[in-house]
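Only one structure is covered here, and it is reproduced in the block below.
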Amino acid sequence: MASRDFTVQVADWDRDREALRHVRTVVFVDEQQVPVEEEWDALDPECEHVLARDADGTPIGTGRLTPEHKIGRMAVLKAWRGRGVGTVMLKRLIERARTLGWPEVHLHAQVSALGFYQAHGFSVCGDTFVEAGITHKPMRLALNAPSESDTPQALSTRSREEVRDVYAQLITQARRSICVHSEALEPGILDSDAALTAVRRLATGGRNHRVRVLLADTERPTRDDHRLLALAQRLPSAIELRVLCEDADRAYPSAFLLNDAGGYLVRPLATRFDGRGSTLGASEHARLQRYFEQVWERAQPATAWRALDI
C-alpha cells in the first residue's frame, strides 16, 4: 500500500525487528516514557506486523495484530503524524483481520487518540483504565460479514491441468505477493501462458509487489528453458528465486503456492498432482507461510541465472 512519500508493508518480526523496535522505542519509550520492560513482550514473534517507511526506506511507523484479535503498538514518528501514515497502517491491519475471517478486532486506545479510532468505526466498549502510566479506553470494531467473493472456496486438484489452472487463479487473486515452493519450477504449470501473464501483472503492479520462489533443482529449469527464468531475469527486483541448500529443506516432500489474500494450494507429494487448498484458508495458510519464511532465510539467492543468456 503506497502513498506519494511513504509505503506501508507487512513486516516479518525476525527480518524487520530492528526497524520495528526503533520506531516503538522512539515513540513509546523515549517520548511517552513507557518502561522498556513493558514495551516488549513474548507476543511480538506471534503477531502480524506492519511497517511504514519513507521514500528513502527509513522506518517511520509500526502496528501489530495479535493472535487475540487485538490491534496494538500503533506508533508513528512525530514528524510524520497527521500525514495519513496511521490511517494506512490501521486499514492494512483491519484488512488482514478480515482476510483471516475474524468477526471483530479490539484495541486499547490512548484517550488522546479516541477521535482517530472513532473516525475509523471503532466504538468505546468499557471504562477508562491506566496502562503503562497512560490513560486508555477499550474499543472494538465489528468487521463486516465477508462478501460472496471473500467466502472461502475449497480447491482440489488431481491432474497437471487442474494444478495449472488453480495456480493461475491464485496468482491472479494475489494483492501484492505470492510465495512458491517448487522442486523444479513445475514445467507445464508455472510456465503456462495464464500463470506467466498473472505473474508479470503482479510483479509490475507496484513498488511493494513481490514474487518469491524456492526450489531445490536448479538444473532442470535451465535445461527445460523454463519461461519463468526469462521473466525473472527481466524483473529481478520483483521476482526473487532462492535455492534450497540444507538437506532437511531439500528433503521436504511437498509443493505449494500461497498468495497474500489467504489463498493456497498444497500438494503433499511434489511428484504428484493431488492437491488441496482454499481461496481463504487462515490456519493452513498461516502454517505454510511460517514454514516458507523460515526456509527462505536459509536458502541462497539463485544468482547464477542472472548471468545466463536466457
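The table below gives the values:
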quantity	calculated
Among (1) of a type in the set (A, V, I, L, M, F, W, C); (2) surrounded by 15 or more Cβ atoms within 10 Å (Cβ to Cβ); (3) without any contact (Cβ under 8 Å) to a residue 40 or more places away in the chain, the one test that VAL124 misses	(2)
The range 46-64: number of residues that are out of contact with any Lys or Arg (no Cβ under 8 Å at 6 or more places or on another chain), surrounded by fewer than 23 Cβ atoms within 10 Å (Cβ to Cβ) and not aliphatic (A, V, I, L, M)	6
Unique residue being surrounded by 13 or more Cβ atoms within 10 Å (Cβ to Cβ) and either among the small types (Gly, Ala, Ser) or over 22 Å from the mean Cα position of the chain (by Cα) (or both) when the list is ILE134, ILE171, ILE178, ILE94	ILE134
Top-ranked residue of the range 4-16 - restricted to ones that are out of contact with any Asp or Glu (no Cβ under 8 Å at 6 or more places or on another chain) and not aliphatic (A, V, I, L, M), ranked as surrounded by the fewest Cβ atoms within 10 Å (Cβ to Cβ)	ARG4
Matching helices (runs of 4 or more DSSP H) fully within the range 218-310 where at least 2 residues are of a type in the set (Val, Ile, Thr), at pLDDT below 95 and under 15 Å from the mean Cα position of the chain (by Cα)	none
Residue check, ARG176 in the same structural domain as PRO236 (by TED's automatic domain parsing), charged (D, E, K, R), more than 18 Å from LEU269 (Cβ to Cβ) and touching a residue at least 60 places away in the same chain (Cβ under 8 Å)	yes
Residue within the range 100-118 that is in contact with a His (Cβ under 9 Å, 6 or more places away or on another chain), loosely packed, with under 12 Cβ neighbours inside 10 Å and of a type in the set (Phe, Trp, Tyr) present	no
Positions within the range 183-213 being under 19 Å from the mean Cα position of the chain (by Cα) and farther than 12 Å from ALA238 by Cβ, in sequence order	ALA198
Test for GLU38: is it surrounded by fewer than 18 Cβ atoms within 10 Å (Cβ to Cβ) and under 24 Å from ARG290 (Cβ atoms)	no
Single residue of the range 185-204 satisfying the filter (polar (S, T, N, Q) and not in a helix (DSSP H, G or I)) that is surrounded by the fewest Cβ atoms within 10 Å (Cβ to Cβ)	THR204
Filtered residues of the range 242-259 (kept if buried (at least 20 other Cβ atoms within 10 Å of the Cβ) and in contact with a helix residue (DSSP H, G or I) (Cβ under 6 Å, 6 or more places away or on another chain))	LEU244, PHE256, LEU257, LEU258, ASN259
Residue that is nearest to PRO67 (Cα to Cα), among those in the range 231-283 that are touching a Phe, Trp or Tyr at 6+ places or on another chain (Cβ under 7 Å) and of a type in the set (S, T, N, Q)	SER278
When residues of the range 65-85 are limited to those that are of a type in the set (Gly, Ala, Ser) and at pLDDT below 90, the one surrounded by the most Cβ atoms within 10 Å (Cβ to Cβ)	GLY84
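For every residue, the table says whether it meets (1) out of contact with any Gly (no Cβ under 7 Å at 6 or more places or on another chain); (2) outside the structural domain of ARG73 (by TED's automatic domain parsing); (3) under 22 Å from TYR264 (Cα atoms); (4) at pLDDT 85 or above.
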| position | (1), (2), (3), (4) |
| --- | --- |
| MET89 | no, no, no, yes |
| THR99 | no, no, yes, no |
| GLU104 | yes, no, no, yes |
| LEU107 | no, no, no, yes |
| ALA113 | yes, no, no, yes |
| GLN118 | yes, no, no, yes |
| GLY126 | yes, no, no, yes |
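For every residue, the table says whether it meets (1) touching a residue at least 40 places away in the same chain (Cβ under 8 Å); (2) touching a Pro at 6+ places or on another chain (Cβ under 8 Å); (3) in the same structural domain as GLU186 (by TED's automatic domain parsing); (4) surrounded by fewer than 16 Cβ atoms within 10 Å (Cβ to Cβ).
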position	(1), (2), (3), (4)
ARG223	no, no, yes, yes
LEU229	yes, yes, yes, no
ARG234	no, no, yes, yes
ILE239	yes, no, yes, no
ALA261	yes, no, yes, no
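The values are calculated or read from the model by the stated rules, or taken from the named source; none is laboratory data. Computed from a predicted structure; not experimentally measured. Note that we place each Cβ from the backbone using ideal geometry, even for glycine, and neighbour counts take in every protein chain shown.
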